[in-house]
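First the structure, in the form of structure tokens, and then the observations on it.
The values are calculated or read from the model by the stated rules, or taken from the named source; none is laboratory data. Being a predicted model, the structure only gives us computed values, none of them experimental. As a convention, Cβ positions derive from the backbone with ideal geometry for all residues, glycine included, and neighbour counts pool all protein chains shown. Calculation scope for accessible area: heavy atoms of the full protein, side chains included, ligands and nucleic acids excluded. Shrake-Rupley method; radii C 1.70, N 1.55, O 1.52, S 1.80 Å.
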Amino acid sequence: MSDPTTHPALGSWIPVPVDSDFPIQNLPYGVFRTESRVARVGVAIGNRILDLDAAAEAGLLGDDLDLPWGVFAQPSLNAFLALGRPTWRAVRLRVSELLSFDNREIRDVWGLAERVLVPMPDAEMLLPIRPGDYVDFYSSLEHATNMGRMFRPDAEPLLPNWRWLPVAYHGRASSIVVSGTPVVRPCGQLKLGDAPPVAGPTGALDFELEVGFVTGPGNQLGEPIPVERAEEHIFGMVLVNDWSARDIQRWEYVPLGPFLGKSFATTISPWVVDLDAVAPYRVGGPDQAPPPLPYLAQPGPRNVDLHLEVSITPPGGGPYVVTRTNFRHMYWSMAQQLAHATVNGTNVRPGDLYASGTVSGSTPDSYGSMIELAWRATQPVGFPDGSSRVYIEDGDAVTLRGWCGGAGLPRIGFGEATGTVLPAPV
């Protein structure tokens, strides 16, 4: 608790509902716009958004931070992410001081609160980053084991490389969308039985419950990022739904991996939660056996105690929670993922997105995808209204939520990542 911005007793002069995802200990970053102003960077506090560009113009951030002019008057966080952790921490501390109850005289400055605080209902949240690259990992031991059991029932569930390195594929960054963006059912080639393949819409649309991290300054081409310095390049975390068309993917992925079955949409939450905000919730990860190679060996807490859940809202019903799990059980950590991704010298840039892969727990009610929950469409997931699902249907809205907290610690929420499925094009 040496960081004053995360102290449990810290309070704000802005009213924050008890069940809010955004107490003063959180202060996540996002990009928003209103009818009167174009896109800019803001910080969530309760049911308000602190307009950082307006706060800078009003002199509330001070001159000693030495921020580039207009860094918060941007349609993405990328320019801010490039500045690095010392600057991120200085801005976080200044914002925390500005919003803390001890600085409540700010309320009495004529018109100031109205100029820098925006009610959330008045704002449209935008994609917070402009990712040049997107990588999706496969780092949940339980998920990888489940998939192996389904598709290779007579063999060892894990492939030989899985415990040695964080398996991943390089995704398509252009189709990353912010929560609330509709997802059109994708089309592709489908192979049914022994018949020749046909072209058509997927009949096996799935969600994937994931957590992503957003990168900061990055490295030069040819210079790996050591695991012990990886978190210097990780700004914060988002919720990720890496939608999957299982039938399209099953036919196309050999030998080079996912393509059309994954590239049509990836939904992320609009708020990026700073790593410093989740510092009190850091935990150790599961035992790694065999021990990781030296470039992947990470001492100390690797994971985050982050509660996760997914709900499905069918047309005219719901929402129905279909799974609950926790990010703390991930086998490969964020730092290990970034160290592995750059060990060959690939360069990371501000605003890149790296996703964990499906987060599954050890029990059937904690699996992170429909293919697991319905066990490859053999065990339908029932809803209280009597309906059921084996995959996601047109009109369904899938919502991911995540939060740290409990045992007397503040709730550090991630908001939500929601996408509603629209029919495939005619």
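Overview of values
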item	result
Residues of the stretch 314-348 that turn out to be crowded, with 18+ Cβ neighbours inside 10 Å and over 20 Å from ALA374 (Cα atoms), as a count	17
In the stretch 299-313, residue nearest to ASN241 (Cα to Cα) [restricted to those that are open to solvent by 50 Å² or more (accessible area, probe 1.4 Å) and touching a strand residue (DSSP E or B) at 6+ places or on another chain (Cβ under 6 Å)]	HIS307
Scan of the stretch 12-45 for residues that are small (Gly, Ala, Ser) and either within 20 Å of LEU61 (Cβ to Cβ) or open to solvent by 30 Å² or more (accessible area, probe 1.4 Å) (or both), ordered by number	SER12, GLY30, SER36, ALA39, GLY42, ALA44
Any hit, the stretch 148-158, residues being exposed (fewer than 15 other Cβ atoms within 10 Å of the Cβ) and under 26 Å from ALA297 (Cα atoms)	yes
Matching residues in the stretch 142-160 - criterion: being in a helix (DSSP H, G or I) and of a type in the set (D, E, K, R)	GLU142, ARG149
Any hit, the stretch 247-255, residues being among the β-branched types (Val, Ile, Thr), over 20 Å from TYR354 (Cβ atoms) and open to solvent by 10 Å² or more (accessible area, probe 1.4 Å)	yes
Pair list, Cβ < 6 Å and 6+ apart or interchain, from the stretch 398-426 residues that are crowded, with 16+ Cβ neighbours inside 10 Å to residues that are assigned to a strand (DSSP E or B) and among the aromatic types (Phe, Trp, Tyr)	GLY402/PHE414; ARG411/TRP403; GLY413/TRP403
Unmet criterion (only one of (1) on the phi < 0 side of the Ramachandran plot; (2) modelled with pLDDT of 95 or more) for ASP385	(2)
Odd one out for SER139, checked against (1) among the polar types (S, T, N, Q); (2) touching a residue at least 12 places away in the same chain (Cβ under 8 Å); (3) not in a loop (DSSP other than H, G, I, E, B)	(3)
Selection status of SER139, modelled with pLDDT of 95 or more and open to solvent by 20 Å² or more (accessible area, probe 1.4 Å)	no
